[in-house]
Structures are given as structure tokens and as C-alpha cells.
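One structure is given below, encoded as C-alpha cells.
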Amino acid sequence: MSENIKLELKLDKLESLELYAKLLNKDINSMLDEALEQYFISEQEKLTAKEQNATNLSYDEFWDGVDI
């Protein structure tokens, strides 16, 4: 990936990252990677649920009011 991305973190988030990195004995990059992975999974589940709800009509509900 040749595109540069500028990340800006609020001071409280940066302090929390540093604190948890010490407490958990983890690298900050690993923690961010794990957090993003959880975020992507959560958002994918929401999108999937939204798609299922959008197409969750019965046959009669779908064709109700349609004149053929």
C-alpha cells in the first residue's frame, strides 16, 4: 500500500494505549491491530444483520399490493 494515512489520537487514548501496553505486556501496534480486527468483525455483523432485515419479507409481504 503506497498511500500514507495520517492517524491522530486524542491524548487520553494515547495514554490508555501506553498504560495497557505496560499492564498487558503487549506492543501498541499489536493492540491496535487486535482492536481494529474486533471493530471490523462487529461492523460486518451489523451490515449482515441489516441486509438480512432488508430482505426478510415473506412471499405475501413482498407481493402485497402488486397488480399483475
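The values are calculated or read from the model by the stated rules, or taken from the named source; none is laboratory data. In this text, all values refer to a predicted model and were calculated from it rather than measured experimentally. Side chains included, ligands, DNA and RNA excluded: accessible areas come from the protein's heavy atoms. Shrake-Rupley method; radii C 1.70, N 1.55, O 1.52, S 1.80 Å.
What are the lysines whose alpha-carbon lies under 26 Å from the alpha-carbon of Lys26, with same-chain residues fewer than 8 places away excluded? Straight-distance partners of Lys26: Lys6, Lys10, Lys13.
Probe radius 1.4 Å, ligands and nucleic acids ignored: give me the carbon and sulfur share of the accessible area of the chain as a rounded percent. If you can, show how the numbers build up before the last one.
Details: 3710 of 6950 Å².
Answer for the chain: carbon and sulfur cover 53 percent of the accessible area.
Taken over the alpha carbons of the chain as equal point scatterers, the Debye sum produces base-10 log I(q)/I(0) values at 0.24, 0.26 Å⁻¹ of -1.08, -1.11.
Please give the helix 28-54 orientation as an angle from the longest Cα principal axis of the chain, in degrees from 0 to 90, rounded to the nearest 10. Between helix and principal axis, roughly 10 degrees.
Please list, or write none, the aspartates and glutamates whose alpha carbon is within less than 20 Å of the alpha carbon of Lys22, excluding same-chain residues fewer than 8 places away. Candidates past the 8-residue exclusion: Asp12, Asp33, Glu34.
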